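The values are calculated or read from the model by the stated rules, or taken from the named source; none is laboratory data. On a predicted model such as this, the values are computed, not experimentally measured, just so you know. Neighbour counts are summed over all protein chains in view; Cβ atoms, including those assigned to glycine, are modelled from backbone coordinates with ideal geometry. Areas reflect the complete protein model, heavy atoms only, side chains present, ligands, DNA and RNA absent. Shrake-Rupley method; radii C 1.70, N 1.55, O 1.52, S 1.80 Å.
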Amino acid sequence: MDSHSTTMILILIGLVILSAFFSATETAFSSLNRIRMKNLAGAGNKRAKLAYALSENYDELLSTILVGNNIVNIASTSIATVLFVKALGENAGPTVSTVVMTVVVLIFGEVSPKSLAKENAESFAMFSAPAIRALIVVLKPINFLFSQLKKLLHKLFRVSNSHSMTDSELLTIVEEAEQEGGINQDEGAMLRNVIEFDDIEAIDIMTPRVDVEAVAQDTKKAEVAALFRETGFSRLPVYEDTIDSVVGIIHEKDFYSFVWDTQQEIGSIIKPAEFIPPSMKISALLKQLQQSKSHMAVIVDEFGGTEGIVTLEDVIEELVGEIWDEHDQVVQQGIQKLEEDAYRVFCSGDLDDLFEFFHITCETEASTINGWIVENLDRIPVEGDTFEYRGLAFTVARADNNRAEEVLVKGKLIPLDEDSET
């Protein structure tokens, strides 16, 4: 073998290495975690800062890598053809060269480097960033032509530039982070609550009218004091004539400071109430309560009557979960498994959770579990009432104040695939 052939072989090996470099760089930049890279850049890592800047202009980066990769692959194929023709002749040389270079480039220039780069995306992106930045400067004219071609294709095919992330995609990211151990179950639940916060309406978290503790404007002081003691509430709505005519809110601290054991009447400490529609999003409600320095809002129905109330605590609980203090009576929520194919359902839980757990698909006007039970019974539920739905037997185990509070459900859960076929 002469020195010329040796030089060409060394050049060929160098070109295969460059092919591997470009392939690995492409995979590294397409797979890297941009949030992690941004954090590294913010911590003062210069390589990370450069890699993050390159990833910001991904189109120019990609075109540079592809141009470089194609140049070295074409050059390596040409040199290999010359070498094999010289060694095997013009008949067998090109064929053998094509087979050999296909295998070499595929194994050493594509598959292996891309697999390694995917496992160490951030590290390899930071390693290759300086060389890629230099190559971007060299190939600036070619990149400009590609950018103009891209704009033309966008106009011809009307490609959408919208890359905003949806709530469902964010929820999927949270779920994956939870499964991979990046966040724990409690952190995942809180993040899901934050993402879904804008979708919840005031009516979904309100205390319904029948559960609202309120006082009439002319109620005696002793009765008001007794109600504060019994309920443990720090605020009570005040109404005129009926609860549909709420005139304001009184605070326990104001009551004992300015009214109790004085000549002042309750009317002197009534604070204005915030009135909101049932459809108001709780994110907007939170801002309204903050601006008005209020802790309670009255939900008004379409007829102007009181549908319920919602407090600042109710809103915050949608983010952090239930908050119980020493005065609260703990209310059971959710679904408890009693035995095989038997469950206790607390009607204070969410109707959607009931449907999801038992794989029920149902078009209903009800917004609560009790409302759905009333729809199926077609009357006010009492203890012992039963009905069947989709092979499940529902029995009212406890009822009070004209509504169901606990329901026993018996029956085999229908798998999701069978449920959808039905």
Quick check: convex hull of the Cα atoms in the range 209-354, volume per residue, rounded to a whole Å³?
144
Relative to the Cα centre, what is the charge dipole magnitude of the chain, using +1 at the beta carbon of each Lys and Arg, -1 at the beta carbon of each Asp and Glu, and rounding to the nearest 20 debye?
3920
Here are a few candidate values for semi-axes √(5λ) of the Cα gyration tensor in Å: (1) 42, 25, 21; (2) 34, 24, 22; (3) 70, 29, 18. Which one was actually calculated from the structure I just gave you?
(3)
For the chain, report the accessible area per residue in Å² (1.4 Å probe, heavy atoms, rounded to an integer).
61
Count the net charge of all other residues whose Cβ sits under 12 Å from the Cβ of residue 146, scoring Lys and Arg as +1 and Asp and Glu as -1.
+1
How charged is the neighbourhood of residue 72? Take every other residue with its Cβ under 15 Å from the Cβ of residue 72, and add Lys/Arg as +1 and Asp/Glu as -1.
-2
Sort 74, 13, 335 by heavy-atom solvent-accessible area, probe 1.4 angstrom, most to least.
74, 13, 335
Counting only residues 5 or more apart in sequence or on a different chain, those whose built amide H sits under 5 Å from that of residue 249 are 238, 271, 273
Per residue of the chain, what 222 nm ellipticity follows from adding -39500 (n - 2.57) for every DSSP H run with n ≥ 4, rounded to the nearest 500?
-16000 deg cm²/dmol
Residue 59: accessible area at probe 1.4 Å, nearest 10 Å²?
80
Among the listed pairs 253/287; 220/281; 49/155; 49/140; 46/151; 151/281, which have their C-alpha atoms separated by more than 29 angstrom in this model?
220/281; 49/155; 46/151; 151/281
The range 1-150 - convex hull of alpha carbons, volume per residue in Å³:
124
When the charge dipole of the range 179-315 is computed with +1 at the Cβ of Lys and Arg and -1 at the Cβ of Asp and Glu, the Cα pointing farthest to the positive end, of 195, 262, 181, is that of 262
Percent of accessible area on the chain owned by carbon and sulfur, 1.4 Å probe?
55
Output wanted: per-residue J couplings in Hz (rounded whole) for the range 51-59, from phi through Karplus 6.51 cos²θ - 1.76 cosθ + 1.60, θ = phi - 60°, x for Gly and Pro.
4, 5, 5, 5, 5, 5, 10, 5, 4
